[in-house]
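> Just dropping this structure here.
Nothing in this text is a laboratory measurement; each read-out follows from the coordinates by a stated rule. The structure displayed is predicted, hence computed values, not measured ones. Glycine gets a Cβ as well: all are built from the backbone with ideal geometry, and neighbour counts include every protein chain shown.
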Amino acid sequence: MGIDDKVNYTVIHHIGAAKEGAGSMTGDQGLKREGQHDQAQAKLQEAGDRVKDAAADIGENIKDAARKLKEGFSKE
């Protein structure tokens, strides 16, 4: 996940929090729910990116292990 993504998710989350707060203050339940939705969406997108990053790391670890195993067999 790049810095641009992190900034984007943070901005969306804060805008959502502002909408939720404004909706609560004015009694506008639609705006409040929209803000909650925006916050949840930002959290889900960030979590998805973290999963992708973790999967990429696992793939690299598997490749490393396979390379080391292959090197071990070729030395003998």
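> To the nearest 20 debye, what is the magnitude of the charge dipole of the chain about its Cα centre, counting +1 on the Cβ of each Lys and Arg and -1 on the Cβ of each Asp and Glu?
Numbers: 12 positive and 14 negative charges, 44 e Å.
So the dipole magnitude of the chain works out to roughly 220 debye.
> Straight-line reach from residue 43: which lysines fall under 22 Å, measuring Cα to Cα and dropping same-chain residues less than 8 apart?
6, 19, 32, 52
> By how many nm would the segment from residue 65 to residue 4 grow when fully extended, if each residue of separation counts as 0.36 nm and the alpha-carbon distance is taken off?
On the way: separation 61, 0.36 × 61 = 21.96 nm, distance 3.19 nm.
Value of the extension gain: 18.8 nm.
> Turning to a different aspect of this structure: In deg cm²/dmol, rounded to 500, what helix-only [θ] at 222 nm does the chain give when every DSSP H run of at least 4 residues adds -39500 (n - 2.57) and the total is split over its residues? Let's see the in-between values first.
Details: 2 runs with 71 residues, N = 76.
So the helix-based figure for the chain works out to -34000 deg cm²/dmol.
> Moving to a separate point now. Based solely on C-alpha atoms, express the radius of gyration and the Dmax of the chain in angstrom.
For the chain, the Cα-based Rg and Dmax read 21.4, 75 Å.
> Going toward the positive end of the dipole of the chain, with +1 on Lys and Arg Cβ and -1 on Asp and Glu Cβ, which of 41, 21, 58 do you reach last?
58
> Roughly how compact is segment 1-41, stated as its Cα Rg over 2.2 N^0.38 Å to two decimals?
Numbers: Rg = 11.2 Å, N = 41, 2.2 N^0.38 = 9.0 Å.
Dividing the Cα Rg of segment 1-41 by 2.2 N^0.38 Å gives 1.24.
> Compute the helix-to-body angle for 3-26: its Cα long axis versus the longest principal axis of the chain, expressed 0 to 90° and rounded to tens.
Result, in degrees: 20.
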